[in-house]
1. Could you give me D for the chain, from Stokes-Einstein at 10 °C and 1.306 mPa s, where the hydrodynamic radius is the Kirkwood radius over C-alpha pairs? Units µm² s⁻¹, please.
2. May I ask you to give the average projected area over all directions of the convex hull of the Cα atoms of the stretch 310-356, in nm² rounded to one decimal?
3. Using only alpha carbon positions, build the gyration tensor of the stretch 113-241, then give the equivalent ellipsoid semi-axes as the square roots of 5 times its eigenvalues, largest first, whole angstrom.
4. What shape does the stretch 1-119 take by its C-alpha gyration tensor, where a ≥ b ≥ c are the square roots of the eigenvalues and a/c under 1.5 counts as rounded, a/b above b/c as prolate, and the rest as oblate?
5. For the stretch 1-59, what class follows from the C-alpha gyration tensor (a ≥ b ≥ c being the square roots of its eigenvalues): rounded when a/c is under 1.5, otherwise prolate if a/b is larger than b/c, else oblate?
6. In percent, what relative contact order does the stretch 114-261 have, based on Cα pairs under 8 Å that are 6 or more apart in sequence?
7. Let me know the whole percent of all Cα-Cα pairs from the stretch 238-356 that are separated by more than 25 Å.
8. Rolling a 1.4 Å sphere over the protein heavy atoms, what is the accessible area per residue of the stretch 166-241, to the nearest Å²?
Amino acid sequence: MTRDGPIRLLAADGAVVEDQRHSLPPAESLLAHYRTMVLGRRLNELAGALVRQGRLAVYPSSRGQEACQVVAAGALRPGDWLFPTYRDSVAAAARGVDAVEVLTLLAGDWHCGYDPLRHRVAPQATPLATQLPHAVGVAHAARLKGEDTVVMALCGDGATSEGDFHEALNFAAVLRAPVVFLVQNNKYAISVPLARQSVAPSLADKGVGYGMPGVLVDGNDAAALSVVLQEAVERAAAGAGPTLVEADTYRLEAHTNADDAARYRADAEVSEWQPRDPLIRLRAHLRAEGVLDDRADAEIAEAAEAEAERVRTALAADSPVDPAELFAHVHARPTPDVAAQAALLQAELAAQEEIR
Ligand SMILES: Cc1ncc(C[n+]2csc(CCOP(=O)(O)OP(=O)(O)O)c2C)c(N)n1
């Protein structure tokens with residue numbers, strides 16, 4: 001039960017919170033998370049700028065949610081799977097997918113941009129919660145094949161109202177599938193606040209109804225997230241079944257660039273969350289511990305800047321498009337109709353070449 005509030009190991013000012021049951025992760029692992037979170041924040045900023053320049057069609061920012069993004073990816077082992085949503089670009093990048101490939105979909109270029117099988121990162125799902133039954137299916141299949149695979153399935157608070165959420169959690173519990181469901185409760189589903197979404201004591205409490213542990217954690221505390229998600233991954237890997245984790249966080253920016261958040265939430269509310277920023281908190285902690293000094297911090301910022309520059313340059317180049325790719329990856333074996341359409345397109349293109 002979540003009566004005591006979210007699990008928290010670091011206060012907003014970075015001070016260590018006494019906790020009898022959980023110990024702080026090693027400083028080196030927190031420093032590694034910090035490095036990736038700084039990069040994640042930079043990628044969020046870059047993507048926003050690329051939208052304004054017309055390079056990306058849209059971008060759902062995870063500003064304020066970087067701890068969830070980075071720690072979720074970091075909790076996985078190489079053979080595990082990540083099932084992200086449209087908001088989880090930073091999680092995909094933190095898992096090792098090239099950020100250029102991650103943003104390719106939003107640039108409107110090529111399918112999902114990356115090879116899901118190579119990275120073990122499913123395509124970012126836009127239809128809410130549809131990735132969750134898929135995640136359970138992959139986890140269950142891995143179990144049947146005798147593989148030691150854990151699946152981390154991400155979704156937002158709004159997605160918990162979808163039928164697919166219910167079905168996925170129920171299946172996962174009944175099958176004891178090795179899934180960690182991480183709900184990033186960022187308090188809004190576009191303009192719909194949490195209070196209009198659910199009156200459950202917490203979203204983590206919903207785990208009880210499915211027969212799986214539900215854990216509420218401070219989603220802006222990378223240390224607490226790290227402990228909770230690591231435990232859930234280990235539990236799943238050991239065959240003990242799924243866990244529902246609710247991360248208490250906040251979407252600092254609008255839903256996307258196409259949204260005006262001022263129409264449904266007060267600036268004062270956003271200002272209240274600013275000091276609880278996950279980067280500020282982790283930086284303060286690492287500095288107080290003597291693990292991060294000015295030089296190291298500057299080097300981390302420079303590395304993020306260099307990566308942003310690389311991504312910006314790569315996305316500025318127009319990649320040549322092969323129209324035949326329209327038909328690739330639709331079916332493992334194309335249906336006769338699709339094959340005929342592909343042949344028709346090839347013939348048309350060849351005819352045009354001849355005219356030229
Ligand atoms: C099945 C479905 N219904 C509606 C939408 C439109 N839609 C896109 S994002 C969104 C809000 C989702 O909120 P939440 O699950 O809390 O995730 P967040 O965007 O906050 O990360 C909605 C309703 C959709 N994408 N899919």
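The values are calculated or read from the model by the stated rules, or taken from the named source; none is laboratory data. Since we're looking at a predicted model, the values are computed, not measured. What goes into the accessible areas is simple: the full protein's heavy atoms, side chains included, and nothing from ligands, DNA or RNA. Shrake-Rupley method; radii C 1.70, N 1.55, O 1.52, S 1.80 Å.
1. Values: Rh = 21.4 Å.
Answer from the Stokes-Einstein relation: 74 µm²/s.
2. Reported value for the Cα convex hull: 4.9 nm².
3. Three semi-axes, in Å: 23, 17, 15.
4. prolate
5. On the way: a/c = 3.86, a/b = 2.18, b/c = 1.77.
Note, shape of the stretch 1-59 comes out prolate.
6. Working: 253 pairs, mean separation 36.4, N = 148.
The value is 25 percent.
7. Values: 4662 of 7021 pairs.
More than 25 Å apart: 66 percent of the Cα pairs in the stretch 238-356.
8. Details: 2890 Å² over 76 residues.
Using a 1.4 Å probe on heavy atoms only, each residue of the stretch 166-241 averages 38 Å².
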